[in-house]
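Q: Sharing a structure, written as structure tokens. Questions coming.
Just so it is clear, none of the values below were taken in a lab; they were calculated from the coordinates. All figures in this text were calculated on a predicted structure; none of them were measured in a lab. As a convention, Cβ positions derive from the backbone with ideal geometry for all residues, glycine included, and neighbour counts pool all protein chains shown.
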Amino acid sequence: MATIEQALDANPDELIYRPLLLNCRGTLRIRLEQPELAENDFREAISLSQKMGAKTLELRASISLARLLCKTGRPVEARPMLAEIYNWFTEGFDTDDLKEAKALLEEVSQ
């Protein structure tokens, strides 16, 4: 966690890796049983990715948030958010990220 914090603080104006770092920190926070802080990290990663137009990073953070929402009993919130970014893609459906998103969408649709 300290390494991620250092990376986030090292150069706050350097945005390219920030969504990945936030997603990673959110994942660690889940393991530390800090779901509210994890959710904030995932939402910040999504927002920043959207501003950057980084759709793959947005997808990864959306998958993380959707998993957390499902785990905390909020799958109804997860589905539309994940479906929106998933449906943006028109190719690359054989990539791990899109396969994972599709599987998760199928899971929350049941």
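Q: Under the classification rounded if a/c is under 1.5, otherwise prolate if a/b is larger than b/c and oblate if not, where does segment 26-81 fall, given a ≥ b ≥ c as square roots of the Cα gyration tensor eigenvalues? Present the calculation step by step, with values, prior to reporting the outcome.
A: Details: a/c = 2.41, a/b = 1.37, b/c = 1.76.
Verdict is oblate for segment 26-81.
Q: By a straight-distance test (C-alpha under 22 Å), which lysines pair with Lys55 as possible cross-link partners, with residues fewer than eight away in the same chain excluded?
A: The reachable lysines, counting only those whose Cα sits under 22 Å from Lys55, are Lys99, Lys102.
Q: Roughly what would the spin-label model give for Glu36 and Thr3, points 7 Å off Cα along C-beta, in nm?
A: 2.9 nm
Q: Moving to a separate point now. Just to be sure I understand, if you calculate mean projected area of the Cα convex hull in nm² for this structure, which of (i) 6.2; (ii) 7.8; (iii) 6.9 do you get?
A: Of the labelled values, this structure produces (iii).
Q: Express in nm, to one decimal, how much length is gained between Ala83 and Ser109 on full extension, taking 0.36 nm for each residue of separation and deducting their alpha carbon distance.
A: Taking 0.36 nm per residue and subtracting the Cα distance, the gain is 8.3 nm.
Q: Residue-wise, which Karplus ³J(HN,Hα) couplings in Hz belong to segment 98-109, taking 6.51 cos²θ - 1.76 cosθ + 1.60, θ = phi - 60°, and x for glycine or proline?
A: Once θ is set to phi - 60°, the couplings for segment 98-109 become 6, 5, 5, 4, 4, 4, 5, 4, 5, 5, 7, 7 Hz.
Q: If you place +1 on the Cβ of every Lys and Arg and -1 on the Cβ of every Asp and Glu, how big does the dipole about the Cα centre of the chain come out, in debye to the nearest 20?
A: Numbers: 14 positive and 19 negative charges, 42 e Å.
It works out to roughly 200 debye.
Q: Against the longest alpha carbon principal axis of the chain, how many degrees, from 0 to 90 and to the nearest 10, is the axis of helix 75-88 turned?
A: Around 90 degrees separate the two axes.
Q: In deg cm²/dmol and to the nearest 500, what is the mean residue ellipticity at 222 nm of the chain if only DSSP H runs of at least 4 residues count, each as -39500 (n - 2.57), divided by the residue total?
A: -25500 deg cm²/dmol
Q: Would you mind counting up the charge near Lys99? Only other residues with Cβ under 15 Å from its Cβ, with Lys and Arg at +1 and Asp and Glu at -1.
A: -4
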